[in-house]
1. Taking the condition of being closer than 10 Å to B:R211 by Cα and of a type in the set (V, I, T), how many residues in segment B:133-148 meet it?
2. Of all residues in segment A:45-76, how many are crowded, with 18+ Cβ neighbours inside 10 Å and more than 19 Å from A:L11 (Cβ to Cβ)?
3. Only strands (runs of 3 or more DSSP E) wholly contained in segment A:1-118 count here; list those with 3 or more residues that are touching a residue at least 24 places away in the same chain (Cβ under 8 Å), touching a strand residue (DSSP E or B) at 6+ places or on another chain (Cβ under 6 Å) and of a type in the set (S, T, Y).
4. What do you reckon, is A:S56 within 21 Å of A:V160 (Cβ to Cβ) and among the polar types (S, T, N, Q)?
5. Every residue in segment A:82-105 that is at the interface with another protein chain (Cβ under 8 Å from one of its Cβ atoms) and either under 15 Å from A:A153 (Cβ atoms) or of a type in the set (S, T, Y) (or both), please.
6. Could you please find all residues in segment B:142-170 being within 14 Å of chain A (Cβ to nearest Cβ), in contact (Cβ under 8 Å) with a residue 12 or more places away in the chain and either surrounded by 20 or more Cβ atoms within 10 Å (Cβ to Cβ) or in contact with a strand residue (DSSP E or B) (Cβ under 8 Å, 6 or more places away or on another chain) (or both)?
7. Anything in segment A:51-66 that is within 14 Å of chain B (Cβ to nearest Cβ) and farther than 20 Å from A:R20 by Cβ? List them, or say none.
8. Which residues, counting only those in segment A:119-145, are within 14 Å of chain B (Cβ to nearest Cβ) and in contact (Cβ under 8 Å) with a residue 60 or more places away in the chain?
Amino acid sequence: MSTIAVRHLDLHHGLLQAARDVSFEVADGEVVALVGANGAGKTTLLRAIAGAHRPSAGNILLDGRDITQVAAHRRVGMGVALVPEGRRLFAQMTVEENLLLGRMAGRPGPWTVDKVIEAFPNLAARRQARAGTLSGGEQQAAAIGRALMSNPAVLLLDEVSLGLSPIAVDRLYGSLQQLMRSGTTIVLVEQDLGRVMQVADRAICMLEGRIVLEGATSSLSREKVTEAYFGVGDRVPA
Amino acid sequence: MINTLVQGVLLGGYYALIAAGLSFMFSVMRIINLAHGSLAVLAAYALLVLAQNFGISPFLGLLVVLPAMAALGFLLQRFVLDRALRAGPLVPILATFGLSIVIDNLLFEAFGANTRSLANAIGTLSYSSIALPGNIYVGVLAVGTFAVAVLVLGGLQLFLSFTAYGRAIRATSEDPDTAGLVGIDARLATAIASAIALATVGLAGAALGMRATFDAYAGGSQLLFAFEAAVIGGAGSVWGTLLGGIVLALAQTLGAKVSPLGFLIAGHGVFLVVLFVRIWLAGGVTPLLRRRT
């Protein structure tokens, strides 16, 4: 159970600026979705929260404590886990070995290999298979399972539906529903706006590294989000 | 003929032992350590000093030298290899080449040009042998070295497959960035791998010192044999390394039977043939290097 706060964050890829003065907070147990076009800075922002990308300015706070300078592997131990874009499983290792790696941070909690397989039944038959041989849906389940094995208080999900069939996406979100109701704080990047409206409490819309729209999903209309997404509304930044 | 084969296989155990650390470092850290042979000679000198100045048997001396080599490996990764790797994949090769020159010349400075051996310090073990049927005699030391090589290689395999740190090291070698995201301290994992590699180098140095003579500049030829065994066996595969050592040694002993000059020539010949076949099968040098083991 934790809160995340991002304060005046600037992120760069070399000379390219991926995020400009981004600030937002995520309350305990809240599910927040980041939406925006490709290149809006969503993935870099999630990687910065996870510690894989060093901000050029600003702070990241976990439960009010500044973790900006903390290395990625130590943040996992503090309860921040990222399911990276493109899964990034260790292809040469088995599903079970990938899951066990999530334990390296040594955070105590309820998740075990058996529990993960219970939550994602499609992994049951593939437990000893090399991760590189899995289907996209199985890989995504294994990647989420690996993050869960570290018993995260804050789970960051980066485009978990990317490259999956609609059926596989339904199955995946079916498994995630339980997690979202269990009180884990979640920040997710998702391209499917319908899905965002359905699963998230709040949506943050980014355009060219800036937050252009933010609000409870119940109060946001699809049209308003679409306008912000493409930057064609009256809230376009100067 | 059978005698030649048996002696060849046993010599292969020694080559596998010196190749174990080189192959381990290459497979999990993607580093070709050109100081490998010099570090083995350094360990041999350390055992010699303990034996001559303090009367400590080389076997007991290993209790001091192996942890010292492991500590050296940890520091080597932290202060040399880690920095060198960040500068590009070829820089560690240059860095370890430089390190080998430094070690060789420091040893020369300290111990001079005399050839040394640990044989005096291990009593009858250096020449005692076991009689096998068919009038074949095998050296106790050679059999022991072979057994240690199998134990080291098997131990490395079990460590990588079944322990948490082994998994962490494999994950780090595959994708260090993602390893950090799942909670692995990638720098610590590679430093531990380096420490393990250098502990096996300590064992190789002990085997070198007990079975033969060495001098300050003996590292180069040890590196060459280790490198050839690792490449023949398919660098990075644990049991391949044992096989590679045996193939290299068999080629050498059979070559020596043909002509006294044949020992080295046959060994290098097999190495080159295997190397070119591998390059040809992989479709060029670049795909061969890129292929993950």
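1. 1
2. Total satisfying the criteria: 2.
3. Working: elements: A:4-13, A:16-26, A:31-36, A:57-62, A:80-83.
Ranges flagged: none.
4. Numbers: within 21 Å of A:V160 (Cβ to Cβ): no; among the polar types (S, T, N, Q): yes.
Criteria not met by A:S56.
5. A:L82, A:G102, A:A105
6. Scanning segment B:142-170 gives B:L160, B:A168, B:I169, B:R170.
7. We begin by selecting, within segment A:51-66, every residue within 14 Å of chain B (Cβ to nearest Cβ); these are A:51-54.
If the condition is that a residue be within 14 Å of chain B (Cβ to nearest Cβ) and farther than 20 Å from A:R20 by Cβ, then A:G51 is the only one that fits.
8. Of all residues in segment A:119-145, those within 14 Å of chain B (Cβ to nearest Cβ) come to A:128, A:130-132, A:139, A:142-145.
Within segment A:119-145, A:A143, A:I144 meet the criteria.
Laboratory data are not the source of any read-out in this text; all were calculated from the coordinates shown. Everything numeric here is computed off the predicted structure, so don't read it as measured data. Using ideal geometry, Cβ is built from the backbone for each residue, glycine included, and neighbour counts are taken over all protein chains shown.
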